[in-house]
Amino acid sequence: SPVHLFTFSDLKVPLTSTIPRPVQILIDELSRLPGIGPKTASRLTYFLLRQPPEQSKSLADALVEMKERTRFCSICFNMTENDPCPVCSDEAREASVLCVLEEPLDVIAIEKTRVFKGRYHVLHGAISPVDDVGPDDLKIAELGKRIQRDSEIKAIILATNPNLEGEANAMYL
């Protein structure tokens, strides 16, 4: 009698039924992170399953601590533990030059160069009608208020990303 080989696509039962619920929940949660699809989420989950319990606890503690201790600066909206952030409270920084960026990661990239000595304003995204992100969803109104309030600002650098959304931000501003 001939042997019939089955593939996963032949199965009528969803594969998730064989995955323990806590494992599936972690895969689903990791899949919601940007740049992490279901395959990568599964790899990360199974990696963590093979690690000693202390490593998972350490990761969980780091996530909780990040959420509890990190906030956005009330002046520039960059990430910080203390408000105002170290850049906004640094008297040696050039208060007359303001660099407008899309994301907190952009601040890190510019700070790594050790060239820019001004201050920042983080918009927290880019205008994107496709993603239903408009000017009201960003820190644009706060930028306007800051410029009106701070007479020291003499120059504004628009350092938006060189893509369609970044250009839309720059044009809108």
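The values are calculated or read from the model by the stated rules, or taken from the named source; none is laboratory data. Just so you know, these numbers come straight off a predicted model, no measurement behind them. With ideal geometry, Cβ positions are generated from the backbone for all residues, glycine too; neighbour counts draw on all protein chains shown. Only protein heavy atoms, including side chains, enter the accessible area calculation; ligands, DNA and RNA are left aside. Shrake-Rupley method; radii C 1.70, N 1.55, O 1.52, S 1.80 Å.
Overview of values
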{"item": "Charge tally in the Cβ shell below 12 Å around D131, where Lys, Arg are +1 and Asp, Glu are -1, D131 excluded", "result": "-3"}
{"item": "Those residues of the range 121-148 whose amide nitrogen sits under 19 Å from the label point placed on M66, 7 Å along Cα→Cβ", "result": "124-125"}
{"item": "GluC sites (Glu not before Pro) restricted to the range 133-173 and DSSP loop, no more than 13 other C-beta within 10 Å", "result": "E152"}
{"item": "Exposure of R71 as accessible area (Å², to 10), given a probe of 1.4 Å and all protein chains", "result": "100 Å²"}
{"item": "DSSP-assigned coil residues among trypsin sites (Lys or Arg not before Pro) in the range 73-118, each with at most 14 further Cβ atoms within 10 Å", "result": "R114, K117"}
{"item": "1.4 Å probe accessible area per residue over the chain, in Å²", "result": "71 Å²"}
{"item": "The chain - percent of accessible surface contributed by carbon and sulfur, probe 1.4 Å", "result": "60 percent"}
{"item": "Solvent exposure ordering (accessible area, 1.4 Å, most first) of F72, F47, F77", "result": "F72, F47, F77"}
{"item": "Of [x] 8, 26, 24, 19, 13, 6, 3, 1, 0; [y] 8, 26, 31, 20, 10, 4, 1, 0; [z] 9, 39, 39, 12, 1, the label for P(r) over Cα pairs in 10 Å bins from 0, in percent derived from the coordinates", "result": "[x]"}
{"item": "Gyration tensor verdict on the range 66-131 (Cα atoms; rounded if a/c is under 1.5, prolate if a/b is larger than b/c, oblate otherwise)", "result": "oblate"}
{"item": "For I147, net neighbour charge (Lys/Arg +1, Asp/Glu -1) across residues whose Cβ lies under 13 Å away", "result": "+3"}
{"item": "Expected 222 nm ellipticity per residue - DSSP helices of 4 or more, -39500 (n - 2.57), all of the chain, to 500", "result": "-12500 deg cm²/dmol"}
{"item": "Karplus 3J(HN,Hα) series, Hz, for the range 104-109 with 6.51 cos²θ - 1.76 cosθ + 1.60 (x for Gly, Pro)", "result": "x, 4, 5, 4, 4, 4"}
{"item": "Length-normalised contact order of the chain in % [C-alpha pairs under 8 Å, at least 6 apart]", "result": "15 percent"}
{"item": "Positive minus negative residues near R69 (Lys, Arg vs Asp, Glu; Cβ under 12 Å)", "result": "-3"}
{"item": "Heavy atoms of R43: accessible area, 1.4 Å probe, square angstrom to 10", "result": "150 Å²"}
{"item": "H121 long-range amide H proximity, modeled H, under 5 Å", "result": "C99, V100, L101"}
